[in-house]
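Beneath this line is the structure, given in structure tokens, with notes to follow.
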Amino acid sequence: MSLASAEGSRHPLLGIVLIVGTGFAFATMDTTIRHLSATLPVLVLLCARYSVQAAMMALWFVRPGGSGRSGFASQHPRFQLARGLLLLGSSAMGFLGLAHLPVPEFTSIALLTPVLVTLLSAWLLHEKVAPARWALVLGAFIGALIVVRPGSGLFGWVVLYPLASACCYASFQVLTARLSGLEDPLTTHFWTGFVGTAVVVPALLLVHGAELAALAAAMPASHWALLLLVGTLGGT
């Protein structure tokens, strides 16, 4: 599908519903990560997040009636790599932030993402932004400043985690919007999980390889279920 045809087939109401669903899934995932981060390394959480997504999509392709091998093939691997690394960066900074910040404060700062997306869309995609939307952008920015309260020393340097996460995710969204018509969305979704898994698994083995067996043996069944939930919510 070309970019022109993609432009003509947009459905704003459906997009809004999907974005609301995304927000619900991420909010639930973030709360679960906050709970698990007290006992599990961030790399374990990241591994669950991306490996489950990659596995979900792989099973979807190889199911009876699925697209088979063609579903895995990307025509734009550099786009997929850049997109996957941006989302991985956003997740890594977000997971680290959730280990240090309460979920409400983390979310308030991370909600700068729409502000950054609007700015980047106007600059890079040359999309028109209505005055009312600029007013909302300004309000969101002021709200984030109130939460962070520069100079208050309330959270210190840890606020850089959600800020970095927001920057990576905004860039991820703009790149996705710019190139969405060039690749099958399901193929793109598989590659997002695959790139994250390919980067995180070696890092996990390097940093925590010696303790992984003991960690897995000591982990209760509820933690395994929550790790599966994290990956399922992220993939969904």
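Computed values, structure above
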{"read-out": "Per residue, in Å², the accessible surface of the chain once ligands and nucleic acids are set aside, probe 1.4 Å", "value": "55"}
{"read-out": "Relative contact order of the chain, pairs being alpha-carbon contacts under 8 Å that are 6 or more residues apart, as %", "value": "42"}
{"read-out": "The range 146-236 shape via C-alpha gyration tensor axes, a/c threshold 1.5", "value": "oblate"}
{"read-out": "HN-Hα J in Hz across the range 175-190 - Karplus 6.51, -1.76, 1.60, θ = phi - 60°, x for Gly and Pro", "value": "4, 4, 5, 5, 10, 4, x, 9, 8, 4, x, 5, 4, 4, 5, 5"}
{"read-out": "In sequence order, calculated HN-Hα J values of the range 222-236 (Karplus, 6.51, -1.76, 1.60; Hz; x Gly/Pro)", "value": "5, 5, 4, 5, 5, 5, 5, 5, 4, x, 5, 5, x, x, 5"}
{"read-out": "Portion, in percent, of the accessible area of the range 145-236 that falls on carbon or sulfur, probe 1.4 Å", "value": "74"}
{"read-out": "Relative contact order of the range 1-130, defined on C-alpha pairs under 8 angstrom at six or more residues apart (%)", "value": "27"}
{"read-out": "Whole-Hz couplings from phi, Karplus 6.51/-1.76/1.60, listed for the range 73-87; x for Gly and Pro", "value": "7, 10, 8, 9, x, 5, 4, 5, 5, 4, 5, x, 5, 5, 5"}
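The values are calculated or read from the model by the stated rules, or taken from the named source; none is laboratory data. Because the structure is predicted, anything quoted here is derived from the model rather than measured. Calculation scope for accessible area: heavy atoms of the full protein, side chains included, ligands and nucleic acids excluded. Shrake-Rupley method; radii C 1.70, N 1.55, O 1.52, S 1.80 Å.
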